[in-house]
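Below is one structure, written out as structure tokens; comments come after it.
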Amino acid sequence: QVQLVESGGGLVQAGGSLRLSCAASGRTFNNYNVAWFRQVPGKGREFVAAISWTGRRTYADSVKGRFTISRDNAKSTMYLKMNSLKPEDTAVYYCAARFLSAATTPVSYNYWGQGTQVTVSS
């Protein structure tokens, strides 16, 4: 079992920045592929970014060049640095983990955090 807890969400003006954190506990964090998804009311969870246990990064086209995913295995923590935020980035952001290869679909992930709200005002 892996437990995930997100933090760092909040309200920010368009063009601003936020850094989300996802602290993991339980199994060895190093062995897991981890990702960020986001969800707005009435829609499914949307892939944002993923980083494999080897450090390979994958981004959704909508955030490429603005968001950066990283991980600190010594701290069992993953991060999402979000720059140049837009109102359409407003959502609840979730971190997720899976043991096998990296993936971009929500159904592929076994473990989820509770989510953190990000609101970008125009």
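The values are calculated or read from the model by the stated rules, or taken from the named source; none is laboratory data. Predicted, not measured: the structure shown is a model, and the values here were computed from it. So basically every Cβ, Gly included, is an ideal-geometry build from the backbone, and we count neighbours across all protein chains shown. Ligands, DNA and RNA are stripped out before the accessible areas are found, and what is left, the full protein with its side chains, is counted by its heavy atoms. Shrake-Rupley method; radii C 1.70, N 1.55, O 1.52, S 1.80 Å.
Pairs under 8 Å by beta carbon, first residue over 19 Å from Ala97 (Cα atoms) in the stretch 108-122, partner assigned to a loop (DSSP other than H, G, I, E, B) and open to solvent by 50 Å² or more (accessible area, probe 1.4 Å), six or more apart or different chains?
From the stretch 108-122, the pairs are Val120/Ala14; Val120/Lys86; Ser121/Ala14; Ser122/Ala14.
If we keep just the residues of the stretch 66-103 that are buried (at least 16 other Cβ atoms within 10 Å of the Cβ), of a type in the set (S, T, N, Q) and on the phi < 0 side of the Ramachandran plot, which is modelled with the lowest pLDDT?
Within the stretch 66-103, the match that is modelled with the lowest pLDDT is Thr77.
Working only within the stretch 12-41, note down all residues that are of a type in the set (Gly, Ala, Ser) and either farther than 24 Å from Arg66 by Cβ or assigned to a helix (DSSP H, G or I) (or both).
Ala24, Ser25, Gly26
Does the stretch 104-118 hold any residues that are among the β-branched types (Val, Ile, Thr), surrounded by fewer than 17 Cβ atoms within 10 Å (Cβ to Cβ) and not in a loop (DSSP other than H, G, I, E, B), and which are they?
Matches in the stretch 104-118: Val107 only.
Quick one: in the stretch 29-39, of everything that is more than 16 Å from Thr104 (Cα to Cα) and open to solvent by 30 Å² or more (accessible area, probe 1.4 Å), which residue is modelled with the lowest pLDDT?
Among those residues, the one meeting the criterion is Asn30.
For residues that are modelled with pLDDT under 95 and hydroxyl-bearing (Ser, Thr, Tyr), scanning just the stretch 40-65, find the one that is least open to solvent (accessible area, probe 1.4 Å).
In this case the residue turns out to be Ser52.
Phe67 fails exactly one of the following numbered conditions: (1) among the hydrophobic types (A, V, I, L, M, F, W, C); (2) touching a Pro at 6+ places or on another chain (Cβ under 9 Å); (3) farther than 20 Å from Val2 by Cβ. What is the number of that condition?
(2)
Yes or no: the stretch 2-21 includes at least one residue that is open to solvent by 70 Å² or more (accessible area, probe 1.4 Å) and under 12 Å from the mean Cα position of the chain (by Cα).
Yes, the stretch 2-21 has at least one match.
Return a yes/no flag: does the stretch 50-69 have any residue that is in contact with a helix residue (DSSP H, G or I) (Cβ under 9 Å, 6 or more places away or on another chain) and of a type in the set (Ser, Thr, Tyr).
The answer is yes; a qualifying residue exists.
Among all residue pairs at least 6 apart or on different chains, which show Cβ distances below 7 Å where the first residue, located in the stretch 57-82, is closer than 18 Å to Ser101 by Cβ and touching a residue at least 40 places away in the same chain (Cβ under 8 Å) and the second is surrounded by fewer than 19 Cβ atoms within 10 Å (Cβ to Cβ) and of a type in the set (Gly, Ala, Ser)?
Thr58/Ala102
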